[in-house]
Amino acid sequence: MSETWDAGSLRVFYEDHLKRVLLPFWLRSSDEEHGGYFNCYDNTGEKLVSTDKYTWSQGRFVWMYAKLASMSTDTFDSGERDRFLKLAESGAKFLMDHCLLDNGNCAFVMERTGDPKLNPPNERYDSSIFADCFVVAGLAKYAATADSADSLSFARTLYRSIIGRIESGQYEMAPYPTPDGYRSHNIPMILLNVTQELLEAEEALGTASGGAESGTAESDTTEWLRGNMRMFLQEIMDHFVDTDGVLNEMIGADRSRVDSLLGRYCNPGHSIEDMWFVIHAAMKLGMEPYIGKAVRTAKKMVELGWDDEYGGLLLFVDRDGGQPRGDRSGIEHTGMVGQIGQNWDNKLWWVHSEALYTTMLGYSLTGDERLLTDYRAIHDYTFRTFPHPDERVGEWIQIRRRNGEPIDKVVALPVKDPYHIIRNVILIIELLDRMKNGPGMEALQA
């Protein structure tokens, strides 16, 4: 890592890491025979353990390659961009050919060839609406990058299906469904991000967004998407975030606070990630007061999540800090309660990549020195902890114990997913490019 902290040196560091450590691992993971991508690797990345294709991750791959092809910087030349776009096309075609079930929902996991597989424990093909959301995000980004009307139409139709299911309450949430009596932050969070991706694709293509079959004009659909963004943003910031900036992962179905383990626990990485979603959306919608609120919440969640003993961000904490606590009566057998109890003090790779971007973004907008201090601490911890020690393998090790030792266990899904890490490295490179001549950059120097 460079000892200097100016924008130019940081950008060189991140571009080198992207090209030398991250991308070589994933560029050899495309399925040239059937389309799509392999990513069921063990935590070290040294062994492919399955050729199953999780729809969730296939959509994320499409987004990643489309974004690499359309970066606003000169990080890659035209030949490299063309290669990324072809890789995105492979995944987009695979999804459009295979991911939809007869009911219009997405399969959660598919065979290598694209045939759907039943997913335990509920033995459904369509066991998580999050899979649908990532398909929309990926195809929307591909549509905007490749000027693909077919991909946009597919994403638009699937998005309307998602919204209909959310409104009716008829949807699944594997691997961790929300128990009765609760509302979960992850629904408005994912929908805020996905809606913005679709809106930007609609704007990029400038097509009649509703399509001939509905007769809806482009302006009507884009305004509907903007309205959805405002609704999801306000749901997050006005109902899940407390007056002190703490973001609760679950609240009561009536939006009250619940003094149980699920009502008290926080997910710092999730919260920090969502705050850059909120900032991006607020900037696009002209809702500037929410930027300050999002920055405050990001700082609070870094404070709550930071491990003073070993460094890094804990996976789950109590809303008052420390190990999650609270009544488990009636919820003791739910998947999320087990996840919290078993893994609260683990250190995960994706959490730290999200915190890198969010703290840098917040600092770029506010000049708040606290965010710069947080960024530096997270940067130092992240790059001494997660990148694979053998660069011939590359990528990052996904999960570590509290003290930094690697663990061989599954994180939510049995996959190794490039989405969070590469997405945030891309966003950081683009942000540094915008910041290089901006006010306050001298503070990034040591």
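Here are the numbers:
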{"quantity": "Residue match in the stretch 98-118 (condition: under 27 Å from ASP433 (Cβ atoms), at pLDDT 95 or above and assigned to a loop (DSSP other than H, G, I, E, B))", "calculated": "no"}
{"quantity": "ILE399 vs. criteria in contact with a Phe, Trp or Tyr (Cβ under 9 Å, 6 or more places away or on another chain) and modelled with pLDDT under 95", "calculated": "yes"}
{"quantity": "Residue list for the stretch 10-56, restricted to those being touching a Cys at 6+ places or on another chain (Cβ under 9 Å) and surrounded by 22 or more Cβ atoms within 10 Å (Cβ to Cβ)", "calculated": "LYS53, TYR54, THR55, TRP56"}
{"quantity": "Long-range neighbours under 8 Å by Cβ, at least six apart or interchain, first residue farther than 15 Å from GLY263 by Cβ within the stretch 298-325, second buried (at least 23 other Cβ atoms within 10 Å of the Cβ) and of a type in the set (Asp, Glu)", "calculated": "LYS299/ASP374; VAL302/ASP374"}
{"quantity": "Failed condition for THR216, given (1) in a loop (DSSP other than H, G, I, E, B); (2) modelled with pLDDT under 95; (3) surrounded by 20 or more Cβ atoms within 10 Å (Cβ to Cβ)", "calculated": "(3)"}
{"quantity": "Among (1) in a helix (DSSP H, G or I); (2) open to solvent by less than 30 Å² (accessible area, probe 1.4 Å), the one test that SER161 misses", "calculated": "(2)"}
{"quantity": "Residue check for ALA137: in contact with a Lys or Arg (Cβ under 8 Å, 6 or more places away or on another chain), under 15 Å from LEU225 (Cβ atoms) and crowded, with 22+ Cβ neighbours inside 10 Å", "calculated": "yes"}
{"quantity": "Any hit, the stretch 240-258, residues being in a strand (DSSP E or B), open to solvent by 10 Å² or more (accessible area, probe 1.4 Å) and free of Cβ contacts under 8 Å to residues at least 60 places away in the same chain", "calculated": "yes"}
{"quantity": "Hits in the stretch 168-200 - residues which are among the hydroxyl-bearing types (Ser, Thr, Tyr) and either at positive phi or assigned to a helix (DSSP H, G or I) (or both)", "calculated": "SER168, THR195"}
{"quantity": "Selection within the stretch 323-349 - open to solvent by 40 Å² or more (accessible area, probe 1.4 Å) and within 12 Å of ARG264 (Cβ to Cβ)", "calculated": "GLN323, ARG325, ASP327, ARG328"}
{"quantity": "HIS280 crowded, with 17+ Cβ neighbours inside 10 Å and farther than 24 Å from THR178 by Cβ", "calculated": "yes"}
{"quantity": "Pair list, Cβ under 7 Å, 6 or more apart: the stretch 24-48 residue at positive phi, other residue open to solvent by 10 Å² or more (accessible area, probe 1.4 Å) and of a type outside the set (D, E, K, R)", "calculated": "GLY35/SER90; GLY36/SER90; GLY45/HIS388; GLY45/VAL393"}
{"quantity": "Flag for LEU225 being assigned to a helix (DSSP H, G or I), open to solvent by less than 40 Å² (accessible area, probe 1.4 Å) and either touching a strand residue (DSSP E or B) at 6+ places or on another chain (Cβ under 7 Å) or aromatic (Phe, Trp, Tyr) (or both)", "calculated": "no"}
{"quantity": "Residue in the stretch 225-234 that is among the polar types (S, T, N, Q), over 19 Å from VAL135 (Cα atoms) and modelled with pLDDT under 95 present", "calculated": "no"}
{"quantity": "Members of the stretch 98-116 found to be of a type outside the set (A, V, I, L, M) and closer than 22 Å to PRO418 by Cβ, listed by number", "calculated": "HIS98, CYS99, CYS106, PHE108, GLU111, ARG112, GLY114"}
{"quantity": "Condition check for PHE84: surrounded by 13 or more Cβ atoms within 10 Å (Cβ to Cβ) and touching a Lys or Arg at 6+ places or on another chain (Cβ under 9 Å)", "calculated": "yes"}
{"quantity": "Those residues of the stretch 94-109 which are touching a residue at least 60 places away in the same chain (Cβ under 8 Å) and either open to solvent by less than 60 Å² (accessible area, probe 1.4 Å) or touching a Cys at 6+ places or on another chain (Cβ under 9 Å) (or both), in sequence order", "calculated": "PHE94, ASN105, PHE108"}
{"quantity": "Among the candidates PHE130, PHE76, residue that is surrounded by 21 or more Cβ atoms within 10 Å (Cβ to Cβ) and of a type outside the set (Asp, Glu)", "calculated": "PHE130"}
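The values are calculated or read from the model by the stated rules, or taken from the named source; none is laboratory data. Values in this document were obtained by computation on a predicted structure and should not be read as measured data. Positions of Cβ are backbone-derived with ideal geometry, glycine not excepted, and every protein chain shown enters the neighbour counts. Protein only, heavy atoms only, side chains kept; ligands, DNA and RNA dropped before computing areas. Shrake-Rupley method; radii C 1.70, N 1.55, O 1.52, S 1.80 Å.
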